[in-house]
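Bear in mind these aren't lab numbers, they're just calculated from the coordinates by the rules spelled out. As the structure is a computational prediction, the values presented were derived from the model and not from experiment. Neighbour counts are summed over all protein chains in view; Cβ atoms, including those assigned to glycine, are modelled from backbone coordinates with ideal geometry.
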Amino acid sequence: MPVRLPLLFLSAEDVRRALPMSAAIAAMRLAFRQLADGHVSLPPRQHIESPGNNGRALVMTCHSTAHQLFSLKFITLFGDNRSKGLPLIQSIVMLADGATGEPLVVMDGAVLTSIRTGAASGLATDLLARPDAAEVAVFGAGVQARTQLEAICTVRPIRRGYVYDPDLAAAERMASEMSTLLNRPIECVASPAQALEHADVVCTATTSPVPVFDDAGLKHGTHINAIGSYRPQVSEIPPATVCRSRIVVDHRDSALEEAGDLLGPLRQGLLAGSQFWAELGDVLLGRSPGRENPGDITIFKSVGVAIQDLCAAACALENARHLQLGVRLPNGVGALPPVSRGD
Ligand SMILES: NC(=O)c1ccc[n+]([C@@H]2O[C@H](COP(=O)([O-])OP(=O)(O)OC[C@H]3O[C@@H](n4cnc5c(N)ncnc54)[C@H](O)[C@@H]3O)[C@@H](O)[C@H]2O)c1
């Protein structure tokens, strides 16, 4: 009998140390390649409302043949948490062996989510932004905004960044923290138009239910990562921008369920059908064109897919084992004694 190791637990700090942005971007390459090649079993995610609490849970599950792993993510999003000093997003991720079903690791899913979401935008930017992109604008100064900015700076020689958030104090905090972390000027700006003025790459990572900038302010040739909206009635990107852009989605079926940025213009008959949207994995594998001209506007619309969690968590687990991070939980799930009651 093989010896079973007790279940490993990785805290938020462990995940952060085990998943540097460059490794996370490499993990997203694997994730979107597997998705495009059909090596993934990906049930639609479940949305469970918490009535009266402005909150919901999402349950995201996946199996990867290439990794021989299952993943499960339980993630909650509570819109009023900020006023209670709590983050919008809290989450736990689990991996289990795809050959035996043995649970292998439980880890903080909030940090994992922010890193993998940034990393997917990093990959999309690498594939879709102009090679000479040098300035980036980020809308939102929350948790996701930070990893968006870090990821863009990982794949392009960014000289300067701009942060816009109606919560000016939050934007100032983020600009100061990220200037130090990324060792380049990150400025807080007072209006969406100022953020866009020089931006070659734009990330929208907000909780806004309505578009966060004016289409007229975008430069030709901009690449946009739109990651905030994941509900059909919510949209961060102006319809006029969506309609004149080359659209790349993380996963077409999920986008058709959840991507408000695209579904609004689609339902109004302003946008040609979803058959014209490319999937990121197909662009990665050269099956769909990405940017065709330097002046094109490209949009990567991400709602988040479970294979991202699986590949990011697998990478974090491997690195955590090398670095000897985490704690082993006594009496891991697999170590329970056999039931003897005949039930
Ligand atoms: N696509 C994905 O895979 C994915 C993954 C995680 C989170 N998300 C989504 O990303 C969004 C942000 O999540 P978070 O964890 O960073 O939340 P957060 O609460 O930490 O930050 C959200 C920020 O958006 C700002 N904001 C609101 N309206 C704005 C506007 N009009 N312009 C600029 N900023 C504005 C808020 O002031 C806040 O600072 C959420 O909607 C979340 O659901 C998407």
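Taking θ as phi - 60°, what are the ³J(HN,Hα) couplings along region 80-96 by the Karplus curve (6.51, -1.76, 1.60), each to the nearest whole Hz, with x for Gly and Pro?
8, 4, 4, 5, 9, x, 10, x, 4, 10, 9, 6, 10, 10, 10, 10, 10
Relative to the longest principal Cα axis of the chain, at what angle does helix 21-37 sit, 0 to 90 degrees, rounded to 10?
With both axes taken from Cα atoms, the answer is about 80 degrees.
Could you work out which residue, out of Val163, Val143, Val248, moves most in a Gaussian network model of the chain, that is, has the largest mean-square fluctuation with Cα springs under 10 Å?
Result for the chain, Cα springs under 10 Å: Val143 fluctuates most.
Treating the beta-carbon of each Lys and Arg as +1 and of each Asp and Glu as -1, no other charges, what is the dipole magnitude of region 127-301 about its Cα centre, to the nearest 20 debye?
On the way: 16 positive and 22 negative charges, 59 e Å.
Here the size comes out at about 280 debye.
May I ask you to evaluate 6.51 cos²θ - 1.76 cosθ + 1.60, the Karplus curve with θ = phi - 60°, for each residue of region 241-251 and list the ³J(HN,Hα) values in order in whole Hz, giving x for glycine and proline?
Working through the residues one at a time gives 5, 4, 5, 9, 10, 7, 9, 10, 10, 6, 7 Hz.
Do you know the relative contact order of the chain, to the nearest whole percent, from alpha carbon pairs under 8 angstrom that are 6+ apart? Intermediate values should be presented prior to the final figure.
Details: 772 pairs, mean separation 74.4, N = 343.
That works out to 22 percent.
Can you tell me which of Lys84, Lys219, Lys73 moves the most in a GNM of the chain? Springs connect C-alpha atoms under 10 Å apart.
Answer for the Gaussian network model of the chain: Lys84.
Is there a quick way to get the dipole size of the chain? I mean about its Cα centre, with the Cβ of Lys and Arg at +1 and of Asp and Glu at -1; what is the value in debye to the nearest 20?
On the way: 30 positive and 34 negative charges, 90 e Å.
My answer is approximately 440 debye.
For Lys219, list the lysines whose Cα falls under 24 Å from its own Cα; do not include residues on the same chain fewer than 8 positions away.
Lys301
Quick one: Kirkwood hydrodynamic radius for region 1-139, alpha-carbon pairs, angstrom, one decimal? Please report the intermediate quantities before stating the final value.
Details: mean 1/r = 0.0587 Å⁻¹.
Taking the inverse mean of 1/r over all distinct Cα pairs, region 1-139 comes out at 17.0 Å.
How do the peptides 5-11, 51-57 rank, highest first, by the average count of neighbouring beta carbon atoms within 10 Å per residue?
Numbers: 5-11: 18.0, 51-57: 12.3.
Answer by packing, highest mean first, reads 5-11, 51-57.
Using only alpha-carbon positions, what ratio does the radius of gyration of region 235-339 give when scaled by 2.2 N^0.38 Å?
Details: Rg = 20.3 Å, N = 105, 2.2 N^0.38 = 12.9 Å.
Computed over Cα atoms of region 235-339, the ratio equals 1.57.
Given the convex hull over the Cα atoms of region 127-301, what projected area results after averaging over all orientations, in nm²?
Numbers: hull surface 36.2 nm².
Computed as one quarter of the Cα hull surface, the answer is 9.0 nm².
Each residue of region 152-166 in turn: what ³J(HN,Hα) in whole Hz from Karplus with 6.51, -1.76, 1.60 and θ = phi - 60°, glycine and Pro shown as x?
Calculated HN-Hα couplings, in order: 5, 5, 7, 9, 9, x, 6, 9, 7, x, 10, 10, 10, 8, x Hz.
Among Leu69, Leu317, Leu58, which one shows the highest mean-square fluctuation when the chain is modelled as a Gaussian network with alpha-carbon springs under 10 Å?
Sorting by GNM fluctuation, first place goes to Leu58.
With viscosity set to 1.567 mPa s at 4 °C, what whole-number translational diffusion coefficient in µm²/s follows for the chain from Stokes-Einstein and a Kirkwood radius over Cα pairs?
Values: Rh = 20.6 Å.
Here the translational diffusion coefficient equals 63 µm²/s.
Taking +1 at the Cβ of each Lys and Arg and -1 at the Cβ of each Asp and Glu, which of Ala195, Gly140, Phe70 sits farthest along the dipole of the chain towards its positive end, judged by Cα position relative to the Cα centre?
Towards the positive end, the residue furthest out is Phe70.
Please give the helix 168-182 orientation as an angle from the longest Cα principal axis of the chain, in degrees from 0 to 90, rounded to the nearest 10.
With both axes taken from Cα atoms, the answer is about 70 degrees.
If contacts are Cα pairs under 8 angstrom and at least 6 residues apart, what is the relative contact order of region 73-163 in percent? Could the numbers behind the result be given before it?
Numbers: 124 pairs, mean separation 20.1, N = 91.
RCO, region 73-163: 22 percent.
Note the angle between two axes, namely the Cα long axis of helix 306-323 and the longest principal axis of the Cα atoms of the chain, as a number of degrees from 0 to 90, rounded to the nearest 10.
That works out to roughly 60 degrees.
Name the shape class, rounded, prolate or oblate, that the alpha-carbon gyration tensor gives for region 125-225, where a ≥ b ≥ c are the square roots of its eigenvalues, rounded holds for a/c under 1.5, and otherwise prolate holds if a/b is larger than b/c and oblate otherwise. Walk me through the numbers before you get to the answer.
On the way: a/c = 1.56, a/b = 1.08, b/c = 1.44.
Verdict is oblate for region 125-225.
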